[in-house]
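Each reported figure results from applying straightforward, stated rules to the coordinates on display, with no laboratory input. Source: prediction; values computed, not measured. Every residue, glycine as well, gets a Cβ built from its backbone with ideal geometry; the counts of neighbours run over all protein chains shown.
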Amino acid sequence: RSPWLTCNMLRHGFRVGLFCPFSRALTLVVLTPLLSQEVHGWSVLVLGGTGFRGHLTTEQLVKDGHNVTVISRGFRYWDIFQRLAPHITHWRCNRTLARDYGGGILPQSGLVNCSKLVDSNATFDAVVDFSTRSLAEMKQAISVLRDKVSLYIFMSSHAVYDVSKNKTHQEPYSLESDAVRPGREISPMDRWALKEKSVRGDTDLECEEELLKQYNAGGFPFVTLRLANVFGPKENTIRYWLLHLWVKACVGLTMPLHLDISLKELPISLTYTPDIAQAVRLAISKGLNETCCAEKVHGEAFNLACEEMPDQRVLYNYIGEPVGMPYVETVDASPNTSIVLYPDNLRGPVSIAKAQEVLRWSPTTLTKALRSVARFYERIMLENEKHKNEIEYTYRKIKAMMGQDGPRFVEWTRARFVEQRKTQLYDELDDEDEDDIILARKDASKTRTSARKGKREL
């Protein structure tokens, strides 16, 4: 590997960390504390930090006192952008690469068209990438950010395992080391067929390979976080939201939820969006050598998911429990006719042992996470007016997805919440209360002062 050396001054002014790839040794030089030096946050660039997967990470970085710059299109879905805008530097930019009629990439599209980034002399302690969707976009990001970043965090997915060669171990889940493409042990035609199993998985793995290639050539260090089936508040995919409503309606409408017969026994790994924020903080801290040890995360991938791995039926019952439906009606359906929103991969669940051991990452228990998200969507539906556009968008998507059952499903749901508003006491939560629901997590390094203050925990 070509020489790469970074020197990172810890924020408290106590020491400097040097990492040298030749010996993979870590040298710490203890300095006299700089008592007059103020503690400064990281400078973080978030690509796509106002979307469903990334907005809670952006919020958490801001809450932690870091200097956050976000590159996004600034869409006004939910109230995410309005809430974040006063607290971040926002560079509005569409980083999606445009193509000509022949399929070629237009030269002035994507990140190179983000003049505030390209023309700036700013450097970043970390880049957190939620928005790269193609190998060409990753290559462009590497080119633009090569001399501007100390650490790159890439959000990949568990779909990479769908395009990888067969596992060489007997574990019932995928390990990070399983994301390896087959070589000449199979034919070119079979290799191509494997790539076609998952377009997203193939693209994510190409991006991971490109990051490793530039790192081995002396480029910036990176960390890959592989997300499983993502759920959380303020989604734009309506996957969880639809299931939440369907679970409530399945008995009243005699509309059982579908179990895909080809996948119904497959355990499902799920990733809760606040847990992504926690992993990003830990990865940056270790990657910048603020907590030991940078060499354990540079160039490494980590699976992120809750520990529980329910199958489809158990997941439906988990979703039903917070809304008073401990048992959910289901029906077996073929892959061609079923409406199944989880899982979105074929290889099955992932192991999170590496993230727990190396990052010291601790995911939220699945039942607690589902209760929190259920409470969020119940509040949204009961309040009705604040996020009316998002509710109507969801209804339109439901009608399109559910065919002839869609209209009666939507009308039943509307009527149900009208009745609930008559009988249920509801106090609208402000933004701070909303943060308590979604972002509040136990910190093992702190005492439970919140419990002594009478703060209720979900």
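Residues of region 294-312 falling in the label zone of Asp332, defined by backbone nitrogen less than 18 Å from a point 7 Å along Cα to beta-carbon, are 311-312. Within region 119-206, which chymotrypsin sites (Phe, Trp or Tyr not before Pro) sit in a loop by DSSP and count at most 16 neighbouring Cβ atoms inside 10 Å? Those that pass, being in a loop and sparsely packed, number zero.
Rounded to the nearest 20, the Cβ-based charge dipole of region 133-178 about its Cα centre (Lys and Arg +1, Asp and Glu -1) stands at 220 debye. Remark: relative contact order (region 125-262) = 29 percent; criterion is Cα-Cα distance under 8 angstrom and separation of 6 or more residues. In order along region 361-375, phi translates into HN-Hα couplings of 8, 10, x, 5, 5, 4, 5, 5, 4, 5, 4, 5, 5, 4, 4 Hz, rounded to whole numbers, per the Karplus curve 6.51 cos²θ - 1.76 cosθ + 1.60 with θ = phi - 60° and x for Gly and Pro. Its relative contact order, with pairs defined as Cα atoms under 8 Å and 6+ residues apart, puts region 50-152 at 21 percent. In this structure, the amide hydrogen of Ser157, modeled 1.01 Å from its nitrogen in the peptide plane, lies closer than 5 angstrom to those of Leu227, counting only residues at least 5 positions away or on a different chain. Here the Karplus relation 6.51 cos²θ - 1.76 cosθ + 1.60, evaluated at θ = phi - 60°, turns the backbone of region 406-417 into coupling constants of x, x, 6, 4, 5, 5, 4, 5, 4, 5, 4, 6 Hz, with x for every Gly and Pro.
Annotation note: trypsin sites (Lys or Arg not before Pro) in region 226-268 located in DSSP loop regions with a Cβ neighbour count of at most 16 within 10 Å are Lys264. Between Ala193 and Arg414, the contour length at 0.36 nm per residue exceeds the Cα-Cα span by 75.1 nm. Shown is the FRET efficiency for Asn317 and Trp91, computed with R0 = 35 Å from the Cβ-Cβ distance and rounded to the nearest 0.05: 0.20. Please give every one of the lysines within straight-line cross-link reach of Lys197, meaning a C-alpha to C-alpha distance under 27 Å, and leave out same-chain neighbours fewer than 8 residues apart. Correct list for Lys197: Lys139, Lys165, Lys167, Lys213, Lys264, Lys354, Lys397. In this simple spin-label approximation, Arg146 and Leu253 carry label points 7 Å from Cα along the Cα→Cβ vector, and these lie 5.4 nm apart.
Fully extending the segment from Lys63 to Lys399 would add 117.1 nm, taking 0.36 nm per residue of separation and subtracting the current Cα-Cα distance.
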